[in-house]
Each structure stands twice: as structure tokens, then as C-alpha cells.
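S.K.: Can you read through this structure? Questions will come right after.
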Amino acid sequence: MKLFSCLMALLLFLLQAVPGLSLPRDTLHCLGYHGYCFHSKSCPEPFIAFGTCSRRQKTCCIDTTSNFHTCQDEGGHCVPPAIKCLEEQEGLCPHRKWKCCAEV
């Protein structure tokens, strides 16, 4: 029994020590796009809103001066995976697995 409690304590310690395991899904999505979580509903310059963080409590903001531009900034449209693009282009879409299309 002592061995089991030691193993559980070690497991709990590792879960706390590994970054990202306890973060909400929307926060992980934001960080995956190199975004930052802000408390305010609007993003400061040069950031633009790209979704939510902390279970919709904060705003996910991405830097417009970086290489990670949103699809709309590049003149495209975010579409679900079921829709076929005539021409795909670079750009981030706020919904996971959606793609950026220049023409649908």
C-alpha cells in the first residue's frame, strides 16, 4: 500500500510539473498559434483577437507583425474541412482543422 501511495504522489507531482497538461483547451489552441491571453475583451496594438482563453474568460490575441497572420488579414475565407477550396492560401483560422481559401 505504501508503494501505491508513493506512485500516486509521484504521478500527481509529474502532472503538475509538465506544462500544458492542466490548461483549458481554448488556451492550448491559442498558445498553439503563438497567441497571448489578455484579460481585456479587446487586444492592444499590434495584436488582434483570435478567440478565447481560460474557458472563455480571457481573449486570445495574436501579433499582427509576426509571420502568423489570420486568414481574413490575407484576404481569404475560413471554411470547414468539408468544403473544397479552389485555391488555398496561407493564414490562420480560429476554428481547429478549418482551412483558409482564396476562392471557394
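The values are calculated or read from the model by the stated rules, or taken from the named source; none is laboratory data. On a predicted model such as this, the values are computed, not experimentally measured, just so you know. A quick note on method: Cβ atoms are made from the backbone with ideal geometry, for glycine too, and the neighbour counts reach across all protein chains shown. All accessible areas refer to the heavy atoms of the entire protein, side chains included, with ligands and DNA or RNA removed. Shrake-Rupley method; radii C 1.70, N 1.55, O 1.52, S 1.80 Å.
S.K.: Let me check against my output: what whole-number percent is the relative contact order of segment 23-67, with C-alpha pairs under 8 Å and at least 6 apart?
M.R.: 42 percent
S.K.: Would you calculate the volume per residue, in Å³, of the smallest convex hull containing every Cα atom of segment 23-67?
M.R.: 51 Å³
S.K.: Which order do you get for Ser22, Ser42, Ser66 if you rank them by accessible area with a 1.4 Å probe, largest at the top?
M.R.: Sorted by accessible area, descending: Ser22, Ser42, Ser66.
S.K.: Near Lys58, within a Cβ-to-Cβ distance under 15 Å, what is the net charge of the other residues, with Lys and Arg +1 and Asp and Glu -1?
M.R.: +3
S.K.: In addition: Residue separation times 0.36 nm, minus the C-alpha to C-alpha distance between Tyr33 and Cys78: what's the value?
M.R.: Taking 0.36 nm per residue and subtracting the Cα distance, the gain is 14.7 nm.
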